[in-house]
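The values are calculated or read from the model by the stated rules, or taken from the named source; none is laboratory data. Keep in mind that this is a model prediction, so the values were computed, not measured. So basically every Cβ, Gly included, is an ideal-geometry build from the backbone, and we count neighbours across all protein chains shown.
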Amino acid sequence: MYKRQVRALHVHHGLQSAADDFERHCRAICERLGVPLSVRRVDARHAAGDSPEDAARRARYEALAAMASEEGVRAIALGHHADDQVETLLLALSRGAGLPGLSAMPAHALRGGIDFHRPLLAVPGSEIREWVAATGLPWIEDPTNNDARFTRNRIRAVLLPALAEAFPQFRGTFARSAGHAAQAQQLLDEVAAQDLETTGEPPRIAALQALSRARQANLLRHWLARTHGRAPSAAQLDQLLDQVRACTTRGHRIHLKVADGFAERRGDRLHWYNAPPSPAASR
């Protein structure tokens, strides 16, 4: 048995001037409620060619997992709600995402040995605001939420009201579609895991070449996501697949930008790194 206690974890991204206000607000609320608070400051700036949103997300989850480990926390509850889920799905559609993007956010995920839960994923944001207002607890709005330069904000301001008028049950139907995509992605993950057992990890290039191009792509996405927490763009993955197919000689060099790092050939295997390149690459 272990002692059950609620703790609050806050990540200070340092990406806007209001970030200090967010931290002060968290400290005030936690003090009022008698909830212990841990704060972690991170450098969430994105590298050239990397998505700012992806960079911030990686930094956030790494910080949350680190704080949870230090504090002995076994499970973390996140505040994403039904509107966030719809926005995530529409954002994925606007970017031409595949099944991982169309699966949107899972209600539960295991990251770094920590259970992440989203208990409010089926609750509309308006209902949460009504409940918080009824309790008398103050909340703080992110000032960037009204910035129309961000696609997510335009979806929230324009598309969600239109969907609510045309399809009042859109939150539930969109959630079902995301669930179907997640189920299909789970099947692809199982296939990728089986293929990775055959190719080894990091994958052997010759073993990769024995697979169809579709299974190569599925395996590489799975390997990069599971082992390195990275997702290649469609263009990057196509380039990498072309190089894997062309790698038929001992001296063929593979060194390609993938996410915020590089995929390279080392001996008979394909590696990924985001540190200075290896002098032994392509040997």
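Within region 107-130, is there a residue that is of a type outside the set (Val, Ile, Thr), out of contact with any Lys or Arg (no Cβ under 8 Å at 6 or more places or on another chain), on the phi > 0 side of the Ramachandran plot and touching a residue at least 60 places away in the same chain (Cβ under 8 Å)? No - not one qualifying residue is present in region 107-130. Looking only at residues of region 40-62 that are hydrophobic (A, V, I, L, M, F, W, C) and in contact with a Leu (Cβ under 8 Å, 6 or more places away or on another chain), we find that the one that is modelled with the lowest pLDDT is ALA44. In region 79-173, counting only helices (runs of 4 or more DSSP H) that sit wholly within it, the ones holding 1 or more residues that are among the β-branched types (Val, Ile, Thr) span 82-94, 125-135, 151-154. Look at (1) of a type in the set (A, V, I, L, M, F, W, C); (2) modelled with pLDDT of 85 or more; (3) under 25 Å from ARG230 (Cβ atoms) and you find that ALA122 fails only one, number (3). Against the test of being touching a helix residue (DSSP H, G or I) at 6+ places or on another chain (Cβ under 9 Å) and farther than 22 Å from PRO100 by Cα, the options ARG221, ARG245 yield a single qualifying residue, ARG245. For region 134-152, the count of residues that are of a type outside the set (S, T, N, Q), at pLDDT 95 or above, loosely packed, with under 15 Cβ neighbours inside 10 Å and under 28 Å from LEU78 (Cα atoms) is at least one. For ALA18, the stated conditions hold: it is in contact with a helix residue (DSSP H, G or I) (Cβ under 8 Å, 6 or more places away or on another chain) and more than 23 Å from GLU70 (Cα to Cα).
Taken together, ASP195, ASP189, ASP242, ASP238 contain a single residue that is touching a Lys or Arg at 6+ places or on another chain (Cβ under 7 Å), surrounded by 12 or more Cβ atoms within 10 Å (Cβ to Cβ) and charged (D, E, K, R), which is ASP195.
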